[in-house]
Amino acid sequence: MDERRLERIRWRSRRGLLELDVVLKDFLDRHYPGLTSAEQEAFEQLLTVPDETLLAYVQGKQNPPEKELMQLVTKIRN
């Protein structure tokens, strides 16, 4: 993977909520390189979601409407 792209994604993963920072950074470090290109694109799409909604997805209080995002959120939750 292109290091510049990964650094941009890492920067975009920094959120206004510490809980999201921790979860997203951990997922990015541990699992992002092993994701398919479609899953990596879904992760980048997930980063466009507002913090409160993204936190609700991660905590299981709400599910994303898109199938691809839901599959990725399930991986993040685990």
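Where a number appears in this text, it was derived from the coordinates with a stated rule and is not lab data. Remember, predicted model here, so these are calculated numbers, not experimental data. Neighbour counts run over all protein chains shown; Cβ positions are idealised from the backbone, glycine included.
So which residues in segment 43-78 are of a type outside the set (A, V, I, L, M, F, W, C), in a helix (DSSP H, G or I) and under 13 Å from the mean Cα position of the chain (by Cα)?
Within segment 43-78, the first condition is being of a type outside the set (A, V, I, L, M, F, W, C), and the residues that meet it are 44-45, 48, 50-53, 57, 59-68, 71, 74-75, 77-78.
Restricting the remaining residues to those that are in a helix (DSSP H, G or I) gives 44-45, 51-53, 57, 59, 67-68, 71, 74-75, 77.
Scanning segment 43-78 gives E44, Q45, D51, T53, Y57, Q59, E68, Q71, T74, K75, R77.
Taking the condition of being out of contact with any Ser or Thr (no Cβ under 6 Å at 6 or more places or on another chain) and surrounded by 13 or more Cβ atoms within 10 Å (Cβ to Cβ), how many residues in segment 26-46 meet it? Before you say what the answer is, go through the steps one by one.
Step one: list which residues in segment 26-46 are out of contact with any Ser or Thr (no Cβ under 6 Å at 6 or more places or on another chain), which gives 26-27, 29-46.
Retained after the next criterion (residues that are surrounded by 13 or more Cβ atoms within 10 Å (Cβ to Cβ)): 27, 31-32, 35, 39-46.
The qualifying residues number 12.
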